[in-house]
Every structure is written in C-alpha cells, then in structure tokens.
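Reading through the structure tokens given below for one structure.
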Amino acid sequence: MLQPRLNNCIDCATIPVLLDHIDAKIASLATEQYNNIVYDLNHYINGQVIFDLLEYKQILEYKYCNGDYCKAFTVPMIASRVQILINK
C-alpha cells in the first residue's frame, strides 16, 4: 500500500489518474495477448509499450510517495508520454 508523504506538490493530484489509465491500458493489452494465445489470433502486440508503461508506473508510484524522486522527469513530461503510449 502506498503511504503518500504530505507535501506541496501541485502535480501529485494527477498521479493517481495516470496510474489508473496505465493500469487500464496494461489490462487491455494483457487481455488481447491472452486472446491471441487462446484463440491463436496471431495479432501483433507491441511488448515495448507494456514495458514502457510499467516503467512509467513505477516512477509515478515512487514520485507519489516522494516528490523529489527522479527530478529529471516531471509529472507533466511523464503524463504526455503516457498519453502517447495509451493511444497507440
């Protein structure tokens, strides 16, 4: 369970929303992959998108607890990249 630290981070309000979007996209990609295996559909699933979403999710979870984590990547930067990956 996440234990968020109280701070004055303005962007932290969008982190839970981004995490929900990432979880939904990963779940849909996992369902597509499951259907590919079970029904032998042979549809292409970009595995790199899944790995990238998981990495961004990890960064966002750490940033949610500690706003100083990974200062090189701001929440708006990660949000724009996540939106691109979700729409692929």
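Do you know which residues across region 36-82 are out of contact with any helix residue (DSSP H, G or I) (no Cβ under 8 Å at 6 or more places or on another chain), in a helix (DSSP H, G or I) and touching a residue at least 40 places away in the same chain (Cβ under 8 Å)?
If the condition is that a residue be out of contact with any helix residue (DSSP H, G or I) (no Cβ under 8 Å at 6 or more places or on another chain), in a helix (DSSP H, G or I) and touching a residue at least 40 places away in the same chain (Cβ under 8 Å), then 65 is the only one that fits.
Kindly evaluate residue 65 against the criterion of being farther than 20 Å from residue 83 by Cα and modelled with pLDDT under 90.
On the way: farther than 20 Å from residue 83 by Cα: yes; modelled with pLDDT under 90: yes.
Considered against the rule, which asks whether it is farther than 20 Å from residue 83 by Cα and modelled with pLDDT under 90, residue 65 comes out as yes.
Here's a check for you: in region 25-56, which residue that is within 9 Å of the chain's Cα centre (by Cα) and closer than 14 Å to residue 83 by Cβ is surrounded by the fewest Cβ atoms within 10 Å (Cβ to Cβ)?
Going through the qualifying residues, I end up with 52.
Residues of region 36-88 being more than 20 Å from residue 20 (Cβ to Cβ) and in contact with an Asp or Glu (Cβ under 8 Å, 6 or more places away or on another chain), which ones?
Within region 36-88, 43, 45 meet the criteria.
The values are calculated or read from the model by the stated rules, or taken from the named source; none is laboratory data. Since the model is a prediction, treat every value here as computed from it, not as a measurement. Neighbour counts are summed over all protein chains in view; Cβ atoms, including those assigned to glycine, are modelled from backbone coordinates with ideal geometry.
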